[in-house]
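Presented below is the structure to which this report refers.
The values are calculated or read from the model by the stated rules, or taken from the named source; none is laboratory data. Since we're looking at a predicted model, the values are computed, not measured. Cβ coordinates were reconstructed from backbone atoms using ideal geometry, including for glycine residues, and neighbour counts include every protein chain displayed. Side chains are part of the model used for accessible areas, which takes the heavy atoms of the whole protein and leaves out ligands, DNA and RNA. Shrake-Rupley method; radii C 1.70, N 1.55, O 1.52, S 1.80 Å.
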Amino acid sequence: MYDGQVEQNLSTGFKNGRPMVHTESEERCTMVEYEPNTIEPKWQLAWKEAESFDSDVDQSKPKFYCLEMFPYPSGHMHMGHVRNYSIGDSIARYRRLRGFNVLYPMGYDSFGMPAENAARSKGGHPHDVTWGNIESIREDLQRMGFSYDWRRELATSNAEYYHWNQWIFLKFYETGLVERRTAPVNWCNDCETVLANEQVKNNRCWRCSSEVVQKEMAQWFLRMTAYADELLDGLDDIGFPEHVKAMQRNWIGRSHGAEIHFPVVDSDHTIAAFTTRPDTIFGVTFVTLSPEHPLCEELVAGTEQEAEFQALADECAKLTEFERINMLREKKGVFLGRMARNPLSGEEIPIYAGNFVVASYGTGAVMAVPAHDQRDHDFAEKYDIQIRRVLSESEGSEPITEGKAFEGLGWMIGSSREGFDGLYGDDAKQAVIRALEAEGAGKGSTQFRLKDWLLSRQRFWGTPIPFVHCTKCGVIPVPKEDLPVRLPLDVVFSEEDSGNPLGSHTEFVQAICPTCGGEARRETDTMDTFYDSSWYFLRFCDAMNENAPYDRETIDYWMEGGVDLYIGGIEHAIMHLLYARFFTKALRDFGMNKVSEPFSRLVCQGMVNAPTPYCTSCNVEHHVDLTGNDCPQCGELLGSRSAKMSKSLGNTVSPEIMIEQFGADTVRLFILFGSNPEAGMDWSDSAVEANHRQMHQIFSVLNLLDEVSDEVGPMDDWLAAKRRSNMHTWWDAMDDVRIREGVMISHFDMLTDLQWAMRRGGVGSKELKKHLTVWGAMLYPATPHMAEEWNSHLGNDTTLAETIINDPSIGDDDVLILSEESALKDLIDSARNVKGLAERHSEKPVTRLVIQTTPNWKLDLLIEALDLADTEFDFMREGTAFIQQHSTFVDEAMRGEVMQYWRALTIGSKKTRGRVFTLRDTEKTLIRSKHNETASIKSAALFIAEAINIEDIEVYVAGEGEDVSGKARFAAPLQPGLAFL
RNA sequence: GCAGGGGUACCCGAGUGGUCAAAGGGGGCGGGCUCAAGAUCCGCUGCAGAAUGCUUCGCAGGUUCGAAUCCUGCUCCCUGCACCA
């Protein structure tokens, strides 16, 4: 399937080889220069030739399965794709660096209506349309340098793939999970096909937004409800974001309750009603049926209410569900002229048909308890039906709530039978259920909102359902050895011919019955495309397998614990993820795999937004053409806000153009640094340019190699310590997919730190080389091309793609080295601040700085206080006594200062706690090491002077020299007294 | 209506009891370098101030010695579901 797109890129790409922002002047041509459009294709080719990203089962290595939701090939890649795959690629590359055997595949969800519609309007065949699109999106993917194992590339519209769709379908059939039945189904007139419940939003088609109507049709279902409990319970311990779990829970909608049988008076019929509140059984004052309920017509026949019922039923049938909910919030009902008997109380109650009862949920009938259900309450008031309280808000007292239903749990009261009053909540429900079951009048029952998955579609461009219809034998599966049932390629699509062209394709339709050998008609329905994506992640594990969907041993290796990281859009929170979870469980039960949950960690990447003209008062977003204009509706000047990139708003940014201008690595850096994966992000041209400059800056660091000649330098130890510490933080962040944080370290902090080291005296060539080598690996996940170029410039023969990095063990002195340096930074910061103030107080320019460091007794006292704090010493209570008998307290002249200092150390002020509690761990370590602060500052004096623009600096321990400006008393450990003169 | 997520400085965004006037980036401002521009490096970017104090994390209360962080109410925004018995 792989067809050498990379070579094509090489010959055809980047006519505008120079980036828009360009930094180097021409005469300095010996310097290394960052040229993304040269190095990116170069490394893409190198990776490909080295087969760096091909991975196979290797039981000796830990595996990491990194997966992105594969795209529907609609043409070129958009920013949403770029973001999705940049996240995945950086993690895949990171995991390889860490020694994991990484499975990172890519394919195309290539069945579906858009290709069919395109074929219809432009002529041609969906297959050609689809393949054209796949070619261009593949080219885009490769130009971004994503590290897929291209051998595994698949397209669901290929017979090599959908063969196994059909094979699995027959498995479903064998195990009784396939059902063909006539049912009222959702029909979209525009798409000319049925839709699954999940594909209907507000009674409109999820794809074309036209209205959905109900039709009675024979359709194919997958019995997903058989797994409803497991699908729900499994959510408790998988790594999905909370809101995705919430959506799935809502969708599955499990409710526990009871089915209660209400016998119809003077009839053999019984009305079964589902309720979650059996504890309110004694408050039932009527029963309501959905107007579609089959009993309605029979019961009402011959009563005075017959005509009235017909009117209501007609009205409901005519209205769409959408209208029933939104236009007619008013509850309406008709008495059906008959009574039912409450099975526990024996009481006779009227039967109504009500427009608010949903036919498809539960039994389509509800027991109405107006005192404890607001809907029933409204209905009862309207039709003047008795409202009877049977629950109390507090134990042993009379009900309080008036004028509306009390829907909470309460204590049963006023039961017409012994043994129930006083029971509460779940006890009450169980007691009623027990009574019902004992008397055969009902049972405990669990209902689901989840329905079976209607997966047949009356369309062409999908997997043919592998069945034939034989007049003698009925509906018969195609034997596995005859698979795949292929879609014909000689089909003509045109605007005039609507419907499914498979039906009129004689060759396709004509079939032989596998059972009797007689003439049969082939099934022309195809499968919902969500079927294709429900197991593609399994196929990827063994994508070249020609004999089975996948091999058991292979799948158990790659799918152990599920896909380790799955990245995609929130729009698939319900359908795709639910179907995929269902498939995995069902296939597990077929013995095909061990794993039960397909995705162990899901990351839903946020939207990519872009600035869009926006009218605050109309709350409307406008096309970017109107930027700076007045609102066409109200005339106010348009503001701006960020909105999802969309064609209709014209605020899209083309990845191709960005890549051409800045290179793929800059686009990746921008995407990954712009915000964390889950958060939304705003496109910003200036930020992209800034990131591009950052790339240049990082890359130009390589020039230091020529500039540094000494083998060792004063900052070698510091730089090494800083690198190790950065590396650890970076690992933690990347392990947890906090990519933004990781990139901040690898692409920003690392540069800042090196610049600091150079300013502070510089590093030697040996350490520099080592530093750049390790840094190269850190640059690799987010900006791999630049990192490889960097790495090869350093003279390393092994590509980063083949490199595994080792644990950077922290050096013993790292903490001290780093905290000493950061103490110096702090000193400079505060000196700079104080200098500014001093200048305002001084008539002449400030030229001298006298630094008085802490006297030893303060240092000793602080260490003592730190030790006490470790023992949970109560400074509030015992601190004063402690200091008063301390040796420093003997000298009366010092008592005031000692006491003041002690309080600052241990108690603090109103807002801040004592210093012993606010010091950083690194600072504590430094203080306890009794490092020589005076010497440390002295050795950096020149640097400090330069940094704050001062001519002369003097440093001594407070008390050992003149107390200039009386600043000695401010001197404390890590906080020397500063006097500017 | 129900459920989930949010509101942090000019903008984006990190931060979930004290080390927070609050990372990082963008933008803006100042300085070094330069004939100059760009790039780059350094700094400033709540108010006042010789090292401290004050005000600030949607609004209003509360808990606490101490709140951006915890609790309650309100408000606004986003997302999903929606007469589910």
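See the values below:
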read-out	value
Trypsin sites (Lys or Arg not before Pro) lying in DSSP loop within the range A:625-678, provided at most 10 other Cβ fall within 10 Å	A:LYS647
Cα-centred dipole magnitude for the range A:747-828, charges only on beta-carbon of K, R (+1) and D, E (-1), debye, nearest 20	340 debye
Förster radius 22 Å - calculated FRET efficiency between A:ASP870 and A:ASP813, Cβ distance, rounded to 0.05	0.50
Length added when fully stretched, A:VAL213-A:ASP421, from 0.36 nm per residue minus Cα-Cα	70.1 nm
Sum of -39500 (n - 2.57) over DSSP H runs of 4+, divided by residues of chain A (222 nm, nearest 500)	-12000 deg cm²/dmol
Cβ charges +1 (Lys, Arg) and -1 (Asp, Glu), total dipole of the range A:147-290, debye	320 debye
With every protein chain in place, the range A:254-448: carbon and sulfur % of accessible area (1.4 Å)	48 percent
Whether the range A:701-811 is rounded, prolate or oblate, judged on the alpha carbon gyration tensor where a/c under 1.5 counts as rounded	oblate
Sulfur and carbon atoms: percent of accessible area, the range A:770-872 [1.4 Å]	48 percent
Full-extension gain in nm, A:GLU711 to A:LYS201, via 0.36 nm per residue minus C-alpha separation	176.7 nm
Segment A:TYR361-A:GLU49, length gained on full extension (0.36 nm per residue, minus Cα span)	106.5 nm
Probe 1.4 Å, protein heavy atoms only - accessible area per residue of the range A:322-436 in square angstrom	49 Å²
Within the accessible area of the range A:178-222 (1.4 Å probe), percent carbon and sulfur	42 percent
Share, in percent, of DSSP beta bridges within chain A that are antiparallel, nearest 5	75 percent
Label-zone membership for the range A:759-795, site A:SER822, 7 angstrom Cα→C-beta point, backbone N under 19 Å	A:760
Rough spin-label spacing in nm, given labels placed 7 Å along Cα→Cβ, for A:GLN633 and A:SER700	4.9 nm
Sparsely packed GluC sites (Glu not before Pro) within the range A:832-877, loop by DSSP, other Cβ within 10 Å at most 16	A:GLU843, A:GLU872
Accessible surface, per residue, of the range A:792-900 when the full set of protein chains is kept, probe 1.4 Å, Å²	59 Å²
Per residue accessible area of the range A:102-238, 1.4 Å probe, in Å²	34 Å²
Heavy atoms of A:GLU789: accessible area, 1.4 Å probe, square angstrom to 10	30 Å²
Centre separation in Å (Cα based) which lies between the range A:431-489 and the range A:35-75	40 Å
Near-label residues of the range A:952-981 by backbone N, under 20 Å of a point 7 Å along Cα→Cβ of A:LEU837	A:954, A:958, A:963-981
Distance violations [Cα-Cα > 29 Å] among A:LYS201/A:LYS472; A:LYS215/A:LYS382; A:LYS122/A:LYS647; A:LYS844/A:LYS930; A:LYS42/A:LYS647; A:LYS215/A:LYS585	A:LYS201/A:LYS472; A:LYS215/A:LYS382; A:LYS844/A:LYS930; A:LYS42/A:LYS647; A:LYS215/A:LYS585
Per-residue ³J(HN,Hα) for the range A:475-489, Karplus 6.51 cos²θ - 1.76 cosθ + 1.60, θ = phi - 60°, Hz, x for Gly and Pro	8, 10, x, 6, x, 4, 5, 8, 6, x, 7, 8, 6, x, 9
Label zone at A:LYS472 (point 7 Å along Cα-to-Cβ), backbone N below 14 Å, the range A:505-538	A:512-521
Estimated FRET transfer efficiency (A:LYS61, A:ASP482; beta-carbon r; R0 41 Å; 0.05)	0.55
Cleavage-rule hits, GluC sites (Glu not before Pro), the range A:350-403, DSSP coil, Cβ neighbours within 10 Å at most 13	A:GLU395, A:GLU402
Hz values of 3J(HN,Hα) by residue in the range A:491-497 - Karplus curve (6.51, -1.76, 1.60), Gly and Pro given as x	10, 9, 9, 8, 4, 5, 7
Extreme residue, positive dipole direction of the range A:787-867, given options A:THR799, A:LEU866, A:HIS841 (C-beta unit charges)	A:HIS841
Lys, Arg +1 and Asp, Glu -1 on Cβ, resulting dipole of chain A about Cα centre, debye, nearest 20	680 debye
Simple label model, 7 Å out from Cα along Cβ direction - A:GLU174 to A:LEU489, nm	3.1 nm
Global form of chain A, assessed from the alpha-carbon gyration tensor, a/c cut-off 1.5	oblate
